[in-house]
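One structure below.
The numbers here are math on the coordinates, done by the rules we state, and not lab data. Note that the structure is predicted; figures quoted are calculated from it, not measured. Here Cβ is always computed from backbone atoms with ideal geometry, including for glycine, and neighbour counts include all displayed protein chains.
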Amino acid sequence: MEKTADYWIQHLGLIEHVEGGAFAESYRSPLKISSEHLPPGFGGERNISTSIYFLLRYGQFSALHRIASDEIWHFYTGTTLIVYEIQADGNLIVHKLGNNPDAGEQFQCMVKAGSWFGSRTEVEGGYALVGCTVAPGFDFEDFELGTSEKLIQQYPRHKGIIEALTR
């Protein structure tokens, strides 16, 4: 029997995420990196790595945001998840997370630190359950939610995707 989004939300204890969708932290390394050994932009020590489960249903989206660390996305189940990454130079990368390599999908993708990124599933009635691993570990101090006005001014050629993935 195929599992539903509600099944995974309950089974994994997912809660609403500020950027959209639902999540639960699954790992936070007890090892830490002191701020003196981190690049500029980090406001203090960080765990070496963190990981979450993340679920998006059709009609929801993960709003464009950026963090100070690289983020690796892992596909687990459901329908294809599209991750839109706008790099600092304005280059747009469209990652397709899924289990169909013949359709250009990958089980993993990496979003560079400092890139703006957001995601959604485009399969009506579908959902995507994925994981995100961040190193150095995630801290909300390193999180910035994008606004359409600011991002359109900076990246006007991506206006459509920016409008679709901002609140």
Candidates Glu85, Glu45, Glu71 - the one that is farther than 16 Å from Gly131 by Cβ, out of contact with any helix residue (DSSP H, G or I) (no Cβ under 6 Å at 6 or more places or on another chain) and not aromatic (Phe, Trp, Tyr): Glu85
Set Asp102, Asp70, Asp89: member being among the acidic types (Asp, Glu) and in contact (Cβ under 8 Å) with a residue 40 or more places away in the chain: Asp70
Residues of the range 101-125 classified as touching a Leu at 6+ places or on another chain (Cβ under 9 Å) and surrounded by 15 or more Cβ atoms within 10 Å (Cβ to Cβ), total: 9
Single unsatisfied condition, Gln87 versus (1) surrounded by 17 or more Cβ atoms within 10 Å (Cβ to Cβ); (2) in contact with a Ser or Thr (Cβ under 8 Å, 6 or more places away or on another chain): (1)
Qualifying residue in the range 111-127 (condition: among the hydrophobic types (A, V, I, L, M, F, W, C), under 17 Å from Leu151 (Cα atoms) and not in a loop (DSSP other than H, G, I, E, B)): yes
First in the range 146-158 and under 14 Å from Ala63 (Cβ atoms) and in contact (Cβ under 8 Å) with a residue 12 or more places away in the chain, second anywhere and acidic (Asp, Glu) and assigned to a helix (DSSP H, G or I), Cβ under 9 Å, 6 or more apart: Ser148/Glu163
